Amino acid sequence: MTRPINLGRTQRECFCCKKTFMATHNQRYCSVGCREKDYGIVSEFKGVATATVGAIQEYRVVIDLLSKGFEVFRATSPSCSCDILVLKENKMIKVEVRTAYKSISGKFIYPKNNIKADILALVLQKGEIKYLPENF
Ligand SMILES: [Zn+2]
């Protein structure tokens, strides 16, 4: 017997583009693009390359962490296991930076793939930063 590929997924129509896709139990959009379009989320960096936006967000977090009194180090390659390293009382903390949006219900929406860091720094619209977990 072959194992079903889409275990726990159901066929659903995207709330935005109406395309049929395999959804997890509460997934309403086929893609991040469709969700952002439907939520009315507009990037504050129109026409700026994605990698550059990522760098801007990382520098925002660097500035915030420096102003909090940490020693801050930035990754030298995109394949490093985190974006920023922080030293606090000789303890090393790995930080991953993600651009995030706050949904209507107050939930943070951001890409959750490939996170190997201790702390997640979510950069919201207008540069507001939210750390998960908050105390570190
Ligand atoms: Zn769609």
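Some points to look at:
- A121 closer than 19 Å to V72 by Cβ and touching a residue at least 60 places away in the same chain (Cβ under 8 Å): yes
- Residue match in the range 104-114 (condition: more than 30 Å from A23 (Cα to Cα) and not basic (K, R)): no
- Residue within the range 55-78 that is more than 21 Å from N135 (Cα to Cα), under 15 Å from the mean Cα position of the chain (by Cα) and surrounded by 14 or more Cβ atoms within 10 Å (Cβ to Cβ) present: yes
- Number of the exception - T2 against (1) within 16 Å of the ligand (Cβ to nearest atom); (2) over 27 Å from K116 (Cβ atoms); (3) modelled with pLDDT under 85: (1)
- Candidate set from the range 30-50 (those that are at pLDDT below 85 and within 12 Å of the ligand (Cβ to nearest atom)); member that is farthest from Q125 (Cα to Cα): S31
- Residue in the range 23-33 that is surrounded by 13 or more Cβ atoms within 10 Å (Cβ to Cβ) and basic (K, R) present: yes
The values are calculated or read from the model by the stated rules, or taken from the named source; none is laboratory data. This one's a predicted model, so the numbers in the text were calculated from it and none came from an experiment. No Cβ is skipped: glycine too gets one built from the backbone with ideal geometry, and neighbour counts run over all protein chains shown.
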